[in-house]
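One structure below.
The values are calculated or read from the model by the stated rules, or taken from the named source; none is laboratory data. This structure is a prediction, so every number in the text was calculated from the model and none was measured. FYI the Cβ positions are ideal-geometry reconstructions off the backbone, even for glycines, and counts take in every protein chain you see.
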Amino acid sequence: MIEVKQNNDEKHGSFQASIDGKKAGLMTYTWAGEERFIIDHTEVEEEFNGKGVGKEMLVKAVEFARENNKKIIPLCPFAKATFQKNEDLQDVL
């Protein structure tokens, strides 16, 4: 099971994924004002490639944006491509 934890401060934040207690991935973001944040980097540990770790972190980012009435700017190529493939996530763009 993929577990995702969010870390957030005034300027930056991240969503860190783990599987069975092992670091599986990291998605970082930077605040762009109070209403938007920019997803600038996504990485998945090699042993967890293809297991949906990146998408799970993005889904958590979208849930956070929806709950807090924020918008996401996907600069990271992975995030951008995932948004393009999933219309159900695009309401936060």
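In region 46-60, is there at least one residue being in a strand (DSSP E or B), touching a Phe, Trp or Tyr at 6+ places or on another chain (Cβ under 7 Å), surrounded by 14 or more Cβ atoms within 10 Å (Cβ to Cβ) and at pLDDT 95 or above? No.
Here is a check on your reading of the model: is L89 touching a Ser or Thr at 6+ places or on another chain (Cβ under 6 Å), surrounded by 12 or more Cβ atoms within 10 Å (Cβ to Cβ), outside any loop (DSSP other than H, G, I, E, B) and not basic (K, R)? Considered against the rule, which asks whether it is touching a Ser or Thr at 6+ places or on another chain (Cβ under 6 Å), surrounded by 12 or more Cβ atoms within 10 Å (Cβ to Cβ), outside any loop (DSSP other than H, G, I, E, B) and not basic (K, R), L89 comes out as no. Among residues of region 23-37 being more than 15 Å from K5 (Cα to Cα) and either surrounded by 16 or more Cβ atoms within 10 Å (Cβ to Cβ) or basic (K, R) (or both), the one that is nearest to the chain's Cα centre (by Cα) is F37.
Where residues in region 63-80 are within 16 Å of G52 (Cα to Cα) and surrounded by 17 or more Cβ atoms within 10 Å (Cβ to Cβ), which of them is farthest from the chain's Cα centre (by Cα)? Filtering first and then ranking leaves F78.
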